[in-house]
Amino acid sequence: MSESMIVIEASGRPCPEPVVMVKQASGDPAVQSIVVTVDNQAARDNILRFASYAGWSVKSVQADEPRYTMTLARDDVRTRPDEAKGQKPDARLEQDAALSTKTPAPATPAQAPTTKANSGQAAGCTSVFLASDALGSGNDELGQLLMRGFLFSLKELETPPQNLILMNGGVRLACVESRCIDHLRQLEAKGTSILVCGTCLDFFGLKATLAIGSISNMRELTYILAGSAVLRM
C-alpha cells in the first residue's frame, strides 16, 4: 500500500472518535488518501461532513450495512460547495465544520468581556467542572457513554482547560475502575490540572482507589472556580 495512504478501522469506536481519527490523519501532509471503515450511519455522516469542509474529496463509499468504508483523497480546492453556489451554509454543517478548523486563539484581555468569572485572569484560563460521572439525566449508561465522548473531545482541543475539577459523583471518573482514566491521563499530560474533591472521595469511600489527579479541598476549589471562566457539565 502506498505510503501516502492510511487505513483507519474505526468500527466499534464511540462518537466522536471516528471523525477525530480521520481529522488527526488528515493533519499529516504526507497523507494523500484515507480509507476509513465505521459501523454506523452517524459516524459515516460525520466523516463525510468533515471531508467536505476540510478539503478532502470523497472518492467512494462502500456500504455493507451496518459497515461503511469510505475512501477520501486530499483536494487542493477548498471552496465549500454551498459557498460556490452563493448559498449560506446550513447552520448544522457550520457546527460540524468546527471539527476541521483549529481552535480559535483565546481572546486577549482587552477583547474579553469583564465578568466576575474572568476578571483579572489571563486569556485562556478556564476550568471544567464535573459533578457526576455521567452527562445529563434519563439513562445512566447513556450518560456515562456521553461523558467518555466529552472527555475524549476535551483532550483533543489544541488548548485544553487549565483545570478539571471533579466533585460529588464526578470523583468516580478519576478512580481505578473508571473507563475515562486514559483520557484524563492525556489531559494531564497536556497540562490540565485534575483536582478531586477530598470530602467527596471520603464520602464514597474511594480515596484509596484514586488513580489520577490531586486531592483538593473546598477552599482551593472555590478560589479556582471564582477566578476563572468555568464550563459546568
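Applying the criterion of at least 1 residues that are under 24 Å from the mean Cα position of the chain (by Cα), of a type in the set (Val, Ile, Thr) and closer than 21 Å to residue 183 by Cβ to the strands (runs of 3 or more DSSP E) found wholly in the range 13-78 leaves 33-38. When the criteria are applied in full, residue 159 meets the requirement of being hydroxyl-bearing (Ser, Thr, Tyr), modelled with pLDDT of 85 or more and surrounded by fewer than 18 Cβ atoms within 10 Å (Cβ to Cβ).
In the range 31-46, the qualifying residues are those that are hydrophobic (A, V, I, L, M, F, W, C) and modelled with pLDDT under 90, and the one that is surrounded by the most Cβ atoms within 10 Å (Cβ to Cβ) is 43.
Suppose the filter is surrounded by fewer than 16 Cβ atoms within 10 Å (Cβ to Cβ), outside the structural domain of residue 179 (by TED's automatic domain parsing) and either at pLDDT below 90 or closer than 26 Å to residue 154 by Cβ (or both); does residue 51 pass it? Answer is no for this residue. Does residue 167 satisfy being of a type in the set (A, V, I, L, M), buried (at least 17 other Cβ atoms within 10 Å of the Cβ), more than 25 Å from residue 21 (Cβ to Cβ) and within 21 Å of the chain's Cα centre (by Cα)? Taking the combined requirement at face value, the residue satisfies it. One residue stands out among those in the range 189-209 that are buried (at least 17 other Cβ atoms within 10 Å of the Cβ) and farther than 13 Å from residue 169 by Cα: the one that is nearest to the chain's Cα centre (by Cα), which is 192.
Results for (1) over 19 Å from the mean Cα position of the chain (by Cα); (2) modelled with pLDDT of 95 or more; (3) over 19 Å from residue 16 (Cα atoms), shown as yes or no for each residue.
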site	(1), (2), (3)
123	yes, no, yes
138	yes, no, yes
152	no, no, no
229	no, no, yes
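The values are calculated or read from the model by the stated rules, or taken from the named source; none is laboratory data. Since we're looking at a predicted model, the values are computed, not measured. Cβ: placed from backbone, ideal geometry, glycine included. Neighbour counts: every protein chain shown.
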